[in-house]
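Student: Got a structure for you, written out below as structure tokens; questions coming shortly.
The values are calculated or read from the model by the stated rules, or taken from the named source; none is laboratory data. From a predicted model like this one, the values you see are computed outputs, not experimental measurements. We place every Cβ from the backbone using ideal geometry, glycine too, and count neighbours over all the protein chains shown.
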Amino acid sequence: MKAALGRHDRVVRQAIESHGGGVFKTSGDAFAAVFRVPVDAARAAIDAQDALARPT
């Protein structure tokens, strides 16, 4: 589980940051992030889901 959570955290953080977002809090597998433009939040979520769905 530790390896899976590490991958999850890397993927989600990268998706958030690549769309101009900033992480301001994490808890377990949850991320709280802020974006200047709402559509960037949606794009980050889609990218994260797509990346997590791909096998490692």
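Student: For the structure I just gave you, tell me whether Val39 is in a helix (DSSP H, G or I), without any contact (Cβ under 8 Å) to a residue 12 or more places away in the chain and out of contact with any Ser or Thr (no Cβ under 6 Å at 6 or more places or on another chain).
Tutor: Yes, satisfied.
Student: Going through segment 8-34 one residue at a time, which ones are over 9 Å from the mean Cα position of the chain (by Cα) and either assigned to a helix (DSSP H, G or I) or touching a residue at least 24 places away in the same chain (Cβ under 8 Å) (or both)?
Tutor: Across segment 8-34, the qualifying residues are Ser18, His19, Asp29.
Student: Applying the selection to segment 35-56, what residues are aliphatic (A, V, I, L, M) and more than 10 Å from the chain's Cα centre (by Cα)? Even if it seems obvious, please write down each step before you answer.
Tutor: First, the residues of segment 35-56 that are aliphatic (A, V, I, L, M): 37, 39, 41-42, 44-46, 48, 51-53.
Answer for segment 35-56, where residues must be aliphatic (A, V, I, L, M) and more than 10 Å from the chain's Cα centre (by Cα): Val37, Val39, Ala42, Ala53.
Student: Please specify each residue of segment 24-38 satisfying the condition of being surrounded by 10 or more Cβ atoms within 10 Å (Cβ to Cβ), modelled with pLDDT of 95 or more and under 16 Å from Gly6 (Cβ atoms).
Tutor: The answer is Thr26, Phe31.
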